[in-house]
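Worksheet for the structure shown next.
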Amino acid sequence: MNKLKELEAQSIYILREAYNRVKPLAMLWSLGKDSNVLLWLARKAFFGHVPFTTILLDTGNELDEVYAFRDEYVKKWNLTYINAECPPIEETDPSLPPKTRAAARKTLGLKRVIEQHQFKGILLGIRRDEQAIRSKERVFSPRHESGEWKFRDQPLEFWDQYKTDFVTGTHLRIHPLLAWTELDIWEYIKQENIPVVPLYFARNGMRYRSLGEKDITHPIVSNAATLDEIISELKTTKQPERAGRAMDHEQEDAFEKLRSSGYM
Amino acid sequence: MTTNTLKLVVVGHVDDGKSTLIGRLLYETDSLPDGKLAELKAVSLKRNMPLEWSFVLDAFQAERDQAITIDTSQIMINRPGRQVTIIDAPGHIEFLKNMVSGAASADAAFLLVDASEGVRQQTRRHAYFLNFLGIQQVVVIVNKMDLVQYCEEKFNQVKANIIAHLQEVGITPQAIIPVSAREGDMLSARSTHMQWYQGVTVLDAMDNLVATDRIDSGFLRFPVQDVYKFDERRIIAGRVESGVLRVGDDILISPSNQMAKVNSIETWHAEKQVEARAGESIGITLDKQLFVERGDVVSHLENPPMLTTVFRATLFWLGHDSIVLNKTYKMKLLTREVNVIVQSIEYEIDTESLQKNKVEQLRKNQCGEVILRVQELLPVDEYHSLKHTGRFVLVDAYEIVAGGMISMKGFPNQRTLLEKRPSNLTQVKHYVTYDMRQQRSGHRGGVLWFTGLSGAGKSTLAMALEQMLFLKGYQVYTLDGDNIRSGLNSNLGFTPEDRAENIRRIGEVSALFADAGFVCVTAFISPYQADRNKVRRMLAQGMFHEIYIKADLEHCEERDPKGLYKKARKGEIAEFTGISAPYEAPLNPELIIDTVQLTVEQSVNRILEYVKETFAYSSTAEVVV
């Protein structure tokens with residue numbers, strides 16, 4: 001099997017495990033490239049259907065093209081969709097640096113929507129190669145009632161046997177794309193012809209490599225205006241993917257703090 | 001399109017420099033993103049350390065502060081033609097479960113040894129675990145050569161030690177390389193400090209490793225993950241673990257033993273498939289409606305998985321609490337979840353000295369062999385023949401606590417005992433009915449199945465009972481070791497298969513006697529509940545009477561009428577029930593005769609009363625055949 005086929009098969013296996021073992025199940029659909037790939041893989045796993053709820057954690061501050069994309073594909077793909085509005089910045093932990101606080105609104109929004117709908121499993125499109133902290137994640141990763149991630153005592157995970165038993169009050173974060181790289185994602189998008197938000201393609205020498213909220217996400221300098229150009233750019237770039245995400249860079253452990261309190 | 005990624009795990013004793021090696025390799029292969037080096041310098045400076053390569057992977061604040069790796073981490077290295085995923089596994093004993101989580105998915109391993117410290121506890125333990133997890137490609141890196149002044153003699157000493165240990169574990173290393181990760185010796189460039197070394201560098205060794213794919217060539221195993229009915233199709237979903245599945249194949253579903261044909265392989269947004277190979281996640285439809293559920297295993301008719309209620313397993317125990325004898329755990333085998341009982345703990349394997357020790361329990365981070373038992377027939381493969389389907393995990397109170405590998409050594413494949421019934425026979429109707437036989441003899445037929453330890457009194461009671469029943473006018477016959485082993489079963493020995501076949505034949509013969517209207521008494525240890533249940537199923541309902549001749553081991557051993565216990569204790573008899581093989585007391589016997597409390601006469605009277613009640617003839621008694 002070639003690499004993409006192997007990754008696809010593994011992710012489908014994980015999605016099916018999640019759907020069988022964890023109920024009710026939902027998926028965070030940030031509308032970025034990764035969560036679009038995840039949604040596509042779900043349709044492969046379930047033969048054209050998406051048998052769980054999709055959620056956008058909406059700060060009201062997403063980029064306009066992101067909202068437009070959402071409106072189009074909720075209909076087109078016949079999705080069960082929740083628009084989860086995030087609480088204002090005043091409700092976040094004031095000890096965090098300002099841009100990290102802006103990101104922490106999503107953590108609160110997520111907690112709220114989980115509580116409201118009593119979700120036991122949340123599917124997320126995070127990848128190991130995005131960020132050093134995320135590289136230490138498990139595929140099935142338990143969260144405590146407060147949403148907290150106990151990274152010092154993570155469960156055993158091997159031979160494709162995942163932690164699917166958990167105490168009431170906790171929930172699982174499930175990460176079917178953990179083993180994918182940014183390059184894999186784009187090669188798969190090309191192979192499958194998966195629609196993405198147009199902001200990824202360069203206009204006037206700039207493009208978004210990672211999508212986030214308006215004030216804390218910035219485009220990078222690039223001329224990659226097609227899928228092929230993006231793929232060849234990624235093969236040579238030495239820029240980290242999240243370079244344009246301000247919250248990662250405020251403090252050495254900013255992202256660790258965000259994640260251990262429940263961020264994605 | 002990129003070719004398959006190689007997954008490479010780096011293991012070794014804590015502090016032997018694993019994270020440093022990886023950080024340095026990332027740097028030398030130009031795999032670090034921009035700004036990472038500057039960030040590392042800043043973070044190291046903040047802690048008053050020289051440039052600390054390990055901080056690339058030790059991302060947690062706590063890891064950097066204590067300079068140890070707590071959890072496993074993965075990072076990509078770009079090599080010409082392929083990517084290599086480097087898995088950093090913690091060396092500290094406390095984090096062994098994280099090491100296992102990291103290492104289990106690897107194709108190959110770098111095993112690090114500190115040149116100044118030599119082979120240490122975790123070096124040995126990790127080597128053992130590599131073999132355990134099935135990782136056969138191992139490169140040994142003797143690190144920190146700078147601390148021993150790049151001394152060739154020192155290297156040779158460490159090399160001899162590690163080769164000897166790996167050989168015992170069962171690993172032949174592909175290379176043993178002297179390295180200083182901190183100084184960058186022998187990573188990509190040859191070292192000027194070690195002109196005496198002529199072998200490969202670390203990067204050469206890495207490029208020589210191969211990604212191990214799943215094997216199509218094994219027997220077909222397609223464990224059912226789920227059954228979907230999103231639309232008009234009823235799709236059986238799962239992943240092919242080994243072998244190849246094709247449209248039109250005749251398949252067998254275990255353990256239910258149903259057969260069907262593969263109608264289609266279903267896909268979405270992909271070309272129509274006619275075959276699926278190992279590793280593919282697919283969905284199939286069958287030519288007929290069968291009851292199929294998660295956990296069932298689809299195979300071809302030839303070479304299906306074995307079926308059993310008992311098996312041997314080599315375990316590595318990683319739970320906080322020790323394994324408890326007779327306790328029930330949840331086993332996850334492929335997609336099947338089933339309760340298992342720990343029937344015995346055979347021995348512990350010291351992962352350092354590789355000695356086998358008799359123990360009462362397995363504690364956290366120990367390995368050993370156990371015998372596990374389940375209630376219902378379970379489809380299994382042996383780990384040495386089919387890796388992916390011969391291994392499992394155990395769950396205790398929400399947590400995975402152990403990994404295990406299945407062996408059937410000493411136990412029969414119960415499938416062979418179920419099947420092999422000729423199918424081209426037609427039954428001829430008797431003119432003499434069962435009811436007519438009852439009428440003539442004045443009592444019903446049936447089997448009094450005595451079970452109990454050797455020396456519990458089965459034969460003594462059987463013979464006495466036979467005599468009493470005969471005197472009272474019953475049609476009665478006793479089957480025991482002497483009249484069965486010397487004739488009907490003279491071709492059977494004492495292997496597990498033969499023992500099971502022995503019981504099966506006795507069961508069939510006793511069923512004939514019962515059908516002929518006899519009271520048939522059998523006197524065999526018949527230690528397994530599953531075997532006794534099998535005989536119960538051979539007989540018409542109500543005809544099988546399980547009678548537990550109960551006496552504890554101590555009393556039986558004291559009686560020892562045939563001197564067998566003495567021989568067994570000396571080790572002259574292998575697999576002797578009660579000493580070196582298990583005895584399962586009946587779960588729901590029709591009658592219990594406690595021969596420690598009762599005399600022979602009292603015991604016989606008790607059974608006579610039972611026979612009088614349950615074997616009484618009545619023309620209206622309905623016998624379901």
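The values are calculated or read from the model by the stated rules, or taken from the named source; none is laboratory data. Bear in mind the structure is a predicted one, so any value in this text is a computation, not a measurement. Here Cβ is always computed from backbone atoms with ideal geometry, including for glycine, and neighbour counts include all displayed protein chains. Surface accessibility is based on the protein's heavy atoms, side chains included, excluding ligands, DNA and RNA. Shrake-Rupley method; radii C 1.70, N 1.55, O 1.52, S 1.80 Å.
Residues B:Ser256, B:Ser281, B:Ser486, A:Ser11 ordered from highest to lowest accessible area at a 1.4 Å probe: B:Ser486, B:Ser256, B:Ser281, A:Ser11.
Exposed loop sites were defined as trypsin sites (Lys or Arg not before Pro) in DSSP loop states (anything but H, G, I, E or B) carrying at most 12 other C-beta atoms within 10 Å; in chain B the longest segment without such a site runs B:48-228.
Residue order by solvent-accessible surface for A:Glu229, A:Glu130 is A:Glu229, A:Glu130, largest first, with ligands and nucleic acids left out and a 1.4 Å probe.
Beyond 19 Å in Cα-Cα separation lie the following of the pairs A:Lys75/A:Lys190; A:Lys5/A:Lys190; B:Lys18/B:Lys97; A:Lys23/A:Lys111: A:Lys75/A:Lys190.
Contact order, relative form, for chain B: 8 percent (alpha carbon pairs under 8 Å, 6 or more residues apart, mean separation divided by residue count). Shape class for segment B:222-300: rounded, because the ratio a/c of the largest to smallest gyration tensor axis (alpha-carbon atoms, square roots of eigenvalues) is under 1.5. Summary of the geometry: segment B:433-500 and segment A:1-62, compared by the centres of their Cα atoms, lie 62 Å apart.
The helix-only estimate of mean residue ellipticity at 222 nm for the protein assembly as shown, built from DSSP H runs of length n ≥ 4 each weighted as -39500 (n - 2.57), is -8500 deg cm²/dmol after division by the residue total. For B:Val401, the amide hydrogen comes within under 5 Å of the amide hydrogens of B:Leu394, B:Val395, B:Asp396, counting only partners 5 or more places away or on other chains and with H modelled in the peptide plane. The translational diffusion coefficient of chain B, from Stokes-Einstein at 10 °C and 1.306 mPa s with a Kirkwood hydrodynamic radius over alpha carbon pairs, comes to 55 µm²/s.
Phi angles of segment B:97-111 translate, via the Karplus equation with coefficients 6.51, -1.76, 1.60 and θ = phi - 60°, into HN-Hα couplings of 5, 6, 4, 5, 4, x, 7, 4, 8, 7, 8, 8, 9, 9, 9 Hz per residue; Gly and Pro are given as x. Here the calculated FRET efficiency for B:Glu153 and A:Arg203, from their Cβ-Cβ distance with R0 = 45 Å, stands at 0.10, rounded to the nearest 0.05.
Measuring r between the beta carbons of A:Glu91 and A:Lys23 and using R0 = 30 Å, the FRET efficiency lands at 0.50. The residues of segment B:429-614 expose on average 51 square angstrom of accessible surface per residue, using a 1.4 Å probe on protein heavy atoms. Inter-chain neighbour count for B:96-106: the average number of beta-carbon atoms from partner chains within 10 Å of each residue's beta-carbon is 4. Taking a straight Cα-Cα cut-off under 22 Å and skipping sequence neighbours fewer than 8 places away in the same chain, the lysines within cross-link reach of B:Lys612 are B:Lys458, B:Lys472, B:Lys550.
Under 5 Å between amide hydrogens, built in the peptide plane, is the criterion, and for B:Met76 it picks out B:Ile86 among residues at least 5 positions away or on other chains. Rounded to 0.05, the FRET efficiency of the A:Arg152 and B:Val428 pair, given R0 = 60 Å and the Cβ-Cβ distance, is 0.25. Backbone N atoms of segment B:386-414 closer than 19 Å to the 7 Å Cα→Cβ label point of B:Gln136 belong to residues B:386-391, B:405-407. Residue pairs exceeding 23 angstrom between C-alpha atoms, taken from A:Lys33/A:Lys214; A:Lys136/A:Lys163; B:Lys356/B:Lys566: B:Lys356/B:Lys566. The H on the amide N of B:Val113, modeled in the peptide plane, is under 5 Å from the matching H of B:Ile141, B:Val142, B:Asn143, each at least 5 residues off or on a different chain. Relative to the longest principal axis of the Cα atoms of chain B, helix B:121-132 runs at roughly 60 degrees. Between the Cα long axis of helix B:458-471 and the first principal axis of chain B there is an angle of about 20°, rounded to the nearest 10. Rounded to the nearest whole Hz, the Karplus-based 3J(HN,Hα) values (6.51 cos²θ - 1.76 cosθ + 1.60, θ = phi - 60°) of segment B:552-563 follow the sequence 6, 4, 4, 5, 4, 5, 5, 5, 5, x, 10, x, with x at glycine and proline.
Semi-axes of the equivalent ellipsoid for the protein assembly as shown, computed as √(5λ) from the eigenvalues of its C-alpha gyration tensor and ordered from largest down, come to 60, 34, 24 Å. Computed from backbone phi, the HN-Hα couplings of segment A:103-119 come to 5, 5, 4, 5, 4, 5, x, 5, 3, 5, 6, 5, 4, 4, 9, 6, 5 Hz, rounded to whole numbers (Karplus: 6.51 cos²θ - 1.76 cosθ + 1.60, θ = phi - 60°; Gly and Pro given as x). Segment B:211-280 and segment A:151-220 have Cα centres lying 29 Å from one another. Peptide A:127-136 is shielded by partner chain Cβ atoms: per residue, an average of 5 of them sit within 10 Å of its Cβ. In units of the compact-protein estimate 2.2 N^0.38 Å, segment B:429-614 shows a Cα radius of gyration of 1.03. Can you spot the lysines whose alpha carbon is less than 19 Å from B:Lys387's alpha carbon? Ignore those fewer than 8 places along the same chain. Hits, sequence-local ones excluded: B:Lys7, B:Lys332, B:Lys409. Within segment B:133-154, which residues have the backbone N less than 17 Å from the label spot 7 Å out from B:Ala160 along Cα→beta-carbon, could you tell me? Inside the label zone: B:151-154. Where in segment B:300-335 is the amide nitrogen less than 20 Å from a point lying 7 Å along the Cα-to-Cβ axis of B:Leu587? Counting backbone N atoms under 20 Å from the label point, the list is B:307-312, B:325-333. The residues packed around B:Lys356, meaning those with a beta-carbon under 15 Å from its beta-carbon, carry a net charge of -4 if Lys and Arg are +1 and Asp and Glu are -1. The slack in the chain from B:Val359 to B:Ala616, taken as 0.36 nm per residue of separation less the alpha-carbon distance, amounts to 87.4 nm. For chain B, the longest principal axis of the C-alpha atoms and the axis of helix B:600-614 are separated by about 80°.
Between B:Glu352 and B:Leu488, the simple spin-label model (points 7 angstrom out along Cα→Cβ) gives 5.6 nm.
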